[in-house]
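> Shown below is the structure under consideration.
The values are calculated or read from the model by the stated rules, or taken from the named source; none is laboratory data. Model, not experiment: these values are computed from the prediction. Methodologically, a virtual Cβ is constructed for each residue, glycine included, from the backbone with ideal geometry; neighbour enumeration extends over all protein chains shown. With ligands, DNA and RNA removed, areas are computed over all heavy atoms of the protein, side chains included. Shrake-Rupley method; radii C 1.70, N 1.55, O 1.52, S 1.80 Å.
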Amino acid sequence: MGIPFIQMARVGAYVVRKRLAGETHYPLVLMLEPLFRCNLACPGCGKIDYEDSILNRRLSVDECLQAVDECGAPVVSIPGGEPLLHKEIQAIVAGIVARKKFVYLCTNALLLEKKLHLFTPTPYLTFSVHLDGLEAEHDKAVNQPGTFKRAVAAIRAARAKGFRVNVNCTLFDTMTAEEVAAFFDFCTNSLDVEGITVSPGYAYERAPDQAHFLNRTRTKQLFRDVFKRRNGTRWQFSQSILFLDFLAGNQSYRCTPWGNPTRNVFGWQRPCYLLGEGYAGSFRELIEDTDWDRYGTGNYEKCADCMVHCGYEPTAVNDTISHPLKALRVALLGPRTDGPMAPDIDLEGQRPADFVFEGLVKRLSSEVEERPRIRGDAA
Ligand code: SF4
Ligand code: SF4
């Protein structure tokens, strides 16, 4: 379980091909956001706080598939918003699967059971269900009682029909290491999901709750404390072992923001899924015209505490390909949970935060207003 062999082999071969071709800025996972509208309003979410003109926008099937072709990444993650609210999600997923790309459809699962009939089980499709802990923690994190039970019922229904299911969780400082470990045990032993994707929350400037994001030191200690509590259960993560080792403070990594490029209703987002500081009209323009050195931990204040998988998993994958024996050692022994941590990046030279987002959203909103709207939710 975890990442299927066919996917690991394809992604590995893709990275080797890109390296042999001398390319340095290649994507691994396309973050395709066909809409921002959601049926929840989680306090830690920085994605849904837009006005209606933007929340009503959708990327069409053609726009989605064009982005997939333009970018060429072997894996496509469909976050949102809630992708199952998109009326054409079936055609979007089918088009990507037909291209033999691995799709992760990220969902809070409130609509999943009702919409399972739209999809067919295949190794190319994984439902990545947003769960932020066991019942009390999850319902609090998404600010709606009953969501955990519905998501868990949907996961069981999807597994029973033969779908691949992944649990996608974001950690804040509200959970103890014991609670996280108990949650991972539940996902592995009771839900029987294929894998868990875990990341510390990123402090989106538009997220309503700014108080519970983890800083780097606390993140690393939390992951060490969690990994210490494995108790023989073999948790399956849909992430590379070196990314987990990084979360436990054992790797000094810089992010690779172009590894997970984002296409949404505004265009190609600069520089990454987490920070919206401008938009490019094409994937090529994003790669070629973004001044990547302005971003990343140590370069930019907003990046100081970021350890999120969309920035650091591509770094870990590249490191795995460069140092397979190191990766094998960590895979066999698990991430180290004591001893000194790898040195962190010096923040002395970082440029101050530039608060461009509000102005940018205002301008993009008025542009969006002028375009024809695609209306109607499928919920
Ligand atoms: S379910 Fe996901 S997209 Fe929707 S509000 Fe929560 S975090 Fe945001
Ligand atoms: S550190 Fe990298 S991935 Fe994280 S917000 Fe900054 S640019 Fe994005």
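> So who's got an amide H within less than 5 Å of the one on residue 125, skipping anything under 5 residues away but keeping other chains? H placed 1.01 Å off N, in plane.
Placed amide hydrogens put 103 under 5 Å from residue 125.
> What accessible area per residue, rounded to a whole number of Å², is obtained for the range 31-172 using a probe radius of 1.4 Å?
35 Å²
> Mind listing the Cα extents of the range 138-259 along all three principal axes, in Å, largest one first?
Taking the Cα atoms of the range 138-259, the three principal extents are 41, 35, 33 Å.
> At a 1.4 Å probe, what is the % contribution of carbon and sulfur to the accessible area of the chain?
With neighbouring chains kept in place, the figure for the chain is 53 percent.
> Compute the length gained on full extension between residue 218 and residue 99: take 0.36 nm times their separation in residues and subtract their Cα-Cα distance, giving the result in nm to one decimal.
My answer for the length gained is 38.7 nm.
> Points 7 angstrom from Cα along the Cβ direction at residue 122 and residue 136: gap in nanometres?
Computed distance between label sites residue 122 and residue 136 equals 4.3 nm.
> OK, next. Once the Cβ-Cβ distance between residue 16 and residue 282 is put in as r, and R0 is 22 Å, what FRET efficiency do you end up with, to the nearest 0.05?
0.25
> Once Rh is set to the Kirkwood radius over Cα pairs, what Stokes-Einstein translational diffusion coefficient, in µm²/s, holds for the range 211-305 at a temperature of 25 °C and a viscosity of 0.890 mPa s?
Rounded to a whole number, D works out at 159 µm²/s.
> Tell me the net charge near residue 313. Cut-off is 15 Å between Cβ atoms, residue 313 excluded, with +1 for each Lys or Arg and -1 for each Asp or Glu.
-1
> Using only the Cα atoms of the chain, construct the convex hull and provide its projected area averaged over every direction, in square nanometres to one decimal.
One quarter of the hull surface, i.e. the mean projection, equals 17.4 nm².
> Now, a different point. Given the whole protein assembly as supplied and a 1.4 Å probe, what does the accessible area of residue 23 come to in Å², nearest 10?
The value for residue 23 is about 80 Å².
> Treat the range 54-170 as a sphere of radius equal to its Kirkwood radius over Cα pairs and apply Stokes-Einstein at 25 °C in a medium of 0.890 mPa s; give the translational diffusion coefficient in µm²/s, rounded to a whole number.
Estimated via Stokes-Einstein, D reaches 167 µm²/s.
> Same structure, new question: Work out, step by step, the length gained on full extension between residue 189 and residue 355: first 0.36 nm times the residue separation, then minus their alpha carbon distance; give nm to one decimal.
Difference between extended and current length: 55.3 nm.
> Working out 0.36 nm times the residue gap between residue 25 and residue 342, then minus their Cα-Cα distance, what length gain in nm do you get to one decimal?
Contour length minus Cα-Cα distance gives 111.6 nm.
> With +1 on each Lys and Arg Cβ and -1 on each Asp and Glu Cβ, how big is the dipole of the chain about its Cα centre, in debye rounded to the nearest 20?
The calculation lands at about 1340 debye.
> A further question on this structure: Can you run phi through the Karplus equation (6.51, -1.76, 1.60; θ = phi - 60°) for the range 176-186 and list ³J(HN,Hα) in whole Hz, with x for Gly and Pro?
Values per residue, Gly and Pro as x: 7, 4, 4, 5, 5, 4, 5, 5, 4, 4, 4 Hz.
> Something else: Express the relative contact order of the range 60-149 as a whole percentage, based on alpha carbon pairs under 8 Å and six or more residues apart in sequence.
25 percent
> So for the pair residue 143, residue 173, with labels modelled 7 Å out along Cα→Cβ, what separation do we get in nm?
A separation of 2.0 nm, rounded to one decimal place.
> In whole Å, what is the distance between the alpha-carbon centres of the range 46-103 and the range 317-363?
27 Å
> Here's something else I'd like to know. Between 217, 24, 126, which gets the highest mean-square fluctuation from a Gaussian network model of the chain, Cα cutoff 10 Å?
Of 217, 24, 126, the most mobile in the Gaussian network model is 24.
> Something else now. I'd like to know which of 11, 86, 26 lies farthest towards the positive end of the charge dipole of the range 1-112, counting +1 on Cβ of Lys and Arg and -1 on Cβ of Asp and Glu.
11
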